[in-house]
1. How do 339-349, 255-265 rank on mean C-beta neighbours within 10 Å, highest first?
2. Fully extended, how many nm does the chain gain between residue 356 and residue 21 (0.36 nm per residue separation, minus their Cα-Cα distance)?
3. Could you tell me how many degrees, from 0 to 90 and to the nearest 10, lie between the Cα long axis of helix 62-77 and the main elongation axis, the longest principal axis, of the Cα atoms of the chain?
4. Between residue 196 and residue 83, what is 0.36 nm times their sequence separation minus the Cα-Cα distance? Round to one decimal in nm.
5. Take residue 116 and residue 369, extend 7 Å from each Cα along the Cα→Cβ direction, and tell me the distance between the two endpoints in nm.
6. Using 7 Å Cα-to-Cβ label points, what is the residue 337/residue 253 separation (nm, one decimal)?
7. Please report the equivalent ellipsoid semi-axes of the stretch 86-134, computed as sqrt(5 x eigenvalue) of the Cα gyration tensor, largest first, in whole Å.
8. Under 5 Å between amide hydrogens, which residues at least 5 positions from residue 327 or on another chain qualify, with H placed 1.01 Å from N in the peptide plane?
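We did not get these values from a lab; they are worked out from the coordinates using the rules stated. Just so it is clear, the structure is predicted and the values come from calculations on it, not from any experiment. Neighbour counts run over all protein chains shown; Cβ positions are idealised from the backbone, glycine included.
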Amino acid sequence: MRVAQMTDGFGLDHLPYGVFSPVGGTRRVGVRIGDDVLDLAAATGRPELATPSLNAFMALGPDVWAETRAEARRLLEAGAATVPLRDVELHLPIEVADYVDFYASIHHATNVGRIFRPDGAALLPNWRHLPVGYHGRAGTVVPSGTPIVRPRGQRPAADGPTYGASRRLDIEAELGFVVGVGSQLGTPVPYGAFADHVFGVVGLNDWSARDIQAWEYVPLGPFLGKSFATSVSHWVTPVAALAAAWVELPGQDPEPLPYLGPDLTRGLDIDVEVVLNGEVVSRPPYRTMYWSPAQMLAHLTVNGASLRTGDLYGSGTISGPEPEQRGSLLEIGWGDESAYLADGDEVVLRYSAPGTGGGRIALGEVRGRVQPPGS
Ligand code: MN
């Protein structure tokens, strides 16, 4: 293949990692180049890559990540053989350890506050002081393309809840951050240590059943309205490939507490597209978030909770200030029941960012189609 011709966002300046299996073969780690994959396990002989997830490799740390990325690039420049993606099967790239989801967009939090609590303050008093989050269900994180079965549960109604299929199935367009290197129990991870721990970024759709969620979330937060499925991209974009995408976030007022790194509020200039049944319905910009990826990591460990290889934390719904930048159907339809997903609907989240080569890279897409609930 002629590497120089590739302009589709998967060139030599990107090289995202994934797990694939050739026909009749076992799962192993590869890097994507164009519409092909390089079998990195075979090409490097590294045993940590001949495994069914990225975890063993991610645990080796930033020096090995940099060496391996450079080696993959050298191999491809030297014309290493690759396999067309159409001839392989792609899998969940990481074995998810713990999963946390944040709520880091001030535009999303304000919109949701106005819709759910029209008579109260849009933002609760804690919101500008800490990145609000909850623990999700690691075992139901699924790779792009996995069908999403409409969940059943308790739906609120005027004379008491009813049981049945959710009528308000929604998406949340998010970014996910994948932890490579763990930390010690009892020792917070300082905000400046982001690059020592975080391996890469995935696209993430936090499927949400708004009726189930609205009834259950007070006082302990989201539970069954979220835990039925969370989709992530097949490809993990290494943090190194996003070196040209860092931007200063819009600003924080009041200044956050010192452990949240008030002087290090860098976000990523990643553009998101929400595609519903083939039509772009929204373009949320990640650069408009309030809390940064490093601040979310510092906050989630400030109590001494340890990180593990394979931990995943989501940004929360990405919504910009404009109506056409909203990252959930709840906001796009402003609570209108007809805006939610119907059986058979397909949602694709697409992501792009400035690459280090002067063009743009395309992060892995996240695809999912809604299926009716089983009997
Ligand atoms: Mn979410």
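1. Going from most to least packed, we get 339-349, 255-265.
2. In short, 117.7 nm is gained.
3. Computed tilt is about 60 degrees.
4. 37.5 nm
5. 3.2
6. About 4.1 nm separates the two model spin labels.
7. Working through the eigenvalues yields semi-axes of 35, 14, 8 Å.
8. 319, 320
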